[in-house]
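Q: Provided herewith is a single structure, encoded as structure tokens, for subsequent inquiry.
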Amino acid sequence: MASPSSRLLRLLTLLQRRREWTGSDLAERLEVEPRTLRRDVDRLRDLGYEIDSARGVGGGYRLSAGGAMPPLLLDDDEAMAIVVALRLSLGAVNRLEETSVRVLTKLGQILPARLKRQVDAFDAVSLNLTTRTCQLEPRLLARVASACRDHDELYFKYRARNGVTSDRHVEPLRLAHAHGVWYLAAYDLARQDFRTFRADRMAEPLDVGGTFSPREPPGGVEAYLRKAIATSAYRYQLRVAVRGTPEELTPRVPYWCGVLTPLDDGRCQIAIGANTPESIVAQLATIGMDFELVEPKRLEPEVSAVLARVKAGIAGN
């Protein structure tokens, strides 16, 4: 039989691995009598772990959330997953970087030698090329996520791209992360339409209202977010038409270039968003196909000026 200390660690690992265990399953895994199992469970409770139990034939044990964060046991794969995720998070949310570094430092002090070598190898050969960080408080993001999950209305002040601030009352639906920015898809109750908000432009405090029954934008939340992020978040918005079906064009048009919509004449429309004429030219070049500018026609002089600079540079003038 294993020592009491090692048995407690093994019991804790099992309880963290599955939501609920029967007493007989746990006793069999640990190779102990039910009475010994009950004593071990009581010892874990004395250490601060909240363990619910139910008597009877269908009874069992479940590790539940308590008032404080107890010690957490991780296996090798779980520890490496946390390290890699924290490394990738550096630079993704500006205010989260200091916290991530503290957690990585703590993990580095307790990792076994075999895992420490793997972490060192990952650090030695990996680069984080993220240059754009999302300037927001992690707790704001957590509160928005909770409101989405619990279907709670949100009140907040929002700063638009032109700097104008307005009061918003919304039904939050889903969060999405793209190009270094967090976006919230929501139904704006004052405007009676779906809207997309940049999380870093939402000001605290966030006030929570009553609950609501979620409504779905046409085509679904994911499709709405993809289209909104690809177009409405940018200064310039244009539509071009290209020859081909969605099935033919989807592999050729990267998702970040624009949103495809089928037309009735064997062509598709691509909605493109960009902040500069140079970005527009780059996205159109990435598509790599002949196209027709549908709207707005007023962009022709600006795009033509960019193309003229490119042509002059290539010609050496």
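The values are calculated or read from the model by the stated rules, or taken from the named source; none is laboratory data. Source: prediction; values computed, not measured. When we count neighbours, we look across all protein chains shown, and the Cβ atoms used for this are built from the backbone with ideal geometry, even at glycine. SASA here: full protein model, heavy atoms, side chains in, ligands and nucleic acids out. Shrake-Rupley method; radii C 1.70, N 1.55, O 1.52, S 1.80 Å.
Q: Answer yes or no as to whether Pro251 is open to solvent by less than 20 Å² (accessible area, probe 1.4 Å) and either touching a His at 6+ places or on another chain (Cβ under 7 Å) or part of a loop (DSSP other than H, G, I, E, B) (or both). Write out each step before concluding.
A: On the way: open to solvent by less than 20 Å² (accessible area, probe 1.4 Å): no; either touching a His at 6+ places or on another chain (Cβ under 7 Å) or part of a loop (DSSP other than H, G, I, E, B) (or both): yes.
The answer is no for Pro251.
Q: Of all residues in segment 288-304 being in a helix (DSSP H, G or I) and modelled with pLDDT under 80, which is most open to solvent (accessible area, probe 1.4 Å)?
A: Step one: list which residues in segment 288-304 are in a helix (DSSP H, G or I), which gives 297-304.
In the following step, the residues that additionally are modelled with pLDDT under 80 were identified as 297-300.
Working: Lys297: 111, Arg298: 156, Leu299: 3, Glu300: 93 Å².
Restricting to residues being in a helix (DSSP H, G or I) and modelled with pLDDT under 80, the top hit is Arg298.
Let's see how each residue does on (1) under 21 Å from the mean Cα position of the chain (by Cα); (2) under 18 Å from Ala147 (Cβ atoms); (3) not in a strand (DSSP E or B):
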site: Leu175; (1), (2), (3): yes, yes, no
site: Arg191; (1), (2), (3): no, no, yes
site: Pro214; (1), (2), (3): yes, yes, yes
site: Pro217; (1), (2), (3): yes, yes, yes
site: Glu222; (1), (2), (3): yes, no, yes
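Q: Also, I was wondering about something else. Working carefully through the options Glu216, Glu204, Glu153, find the one that is open to solvent by 40 Å² or more (accessible area, probe 1.4 Å), more than 30 Å from Arg298 (Cβ to Cβ) and in contact (Cβ under 8 Å) with a residue 12 or more places away in the chain. Let's see the steps before the verdict.
A: On the way: Glu216 fails: in contact (Cβ under 8 Å) with a residue 12 or more places away in the chain; Glu153 fails: open to solvent by 40 Å² or more (accessible area, probe 1.4 Å).
Every option except Glu204 fails the conditions.
Q: In this structure, is Gly91 at positive phi, at pLDDT 75 or above and surrounded by 10 or more Cβ atoms within 10 Å (Cβ to Cβ)? Lay out the reasoning, then the answer.
A: On the way: at positive phi: yes; at pLDDT 75 or above: no; surrounded by 10 or more Cβ atoms within 10 Å (Cβ to Cβ): yes.
So Gly91 does not fit the description; no.
Q: Please go through segment 113-124 and pick out each residue that is in contact (Cβ under 8 Å) with a residue 24 or more places away in the chain and open to solvent by less than 70 Å² (accessible area, probe 1.4 Å). Spell out how you get there, then give the answer.
A: Our first condition is that a residue be in contact (Cβ under 8 Å) with a residue 24 or more places away in the chain; within segment 113-124, this holds for 114-115, 118-119, 122-123.
Within segment 113-124, Leu115, Val119, Phe122, Asp123 qualify.
Q: Moving on. Any idea which residue in segment 99-130 is modelled with the lowest pLDDT, counting only those that are more than 19 Å from the chain's Cα centre (by Cα) and over 27 Å from Thr13 (Cα atoms)?
A: Taking segment 99-130 as the starting set, the residues that turn out to be more than 19 Å from the chain's Cα centre (by Cα) are 101-127.
Filter once more, keeping what is over 27 Å from Thr13 (Cα atoms): 121, 123-127.
Numbers: Ala121: 74, Asp123: 70, Ala124: 68, Val125: 67, Ser126: 64, Leu127: 59.
Ranking the qualifying residues of segment 99-130, first place goes to Leu127.
Q: Kindly list the number of the only condition in (1) open to solvent by 30 Å² or more (accessible area, probe 1.4 Å); (2) modelled with pLDDT under 85 that fails for Pro277.
A: Here Pro277 clears every test but (1).
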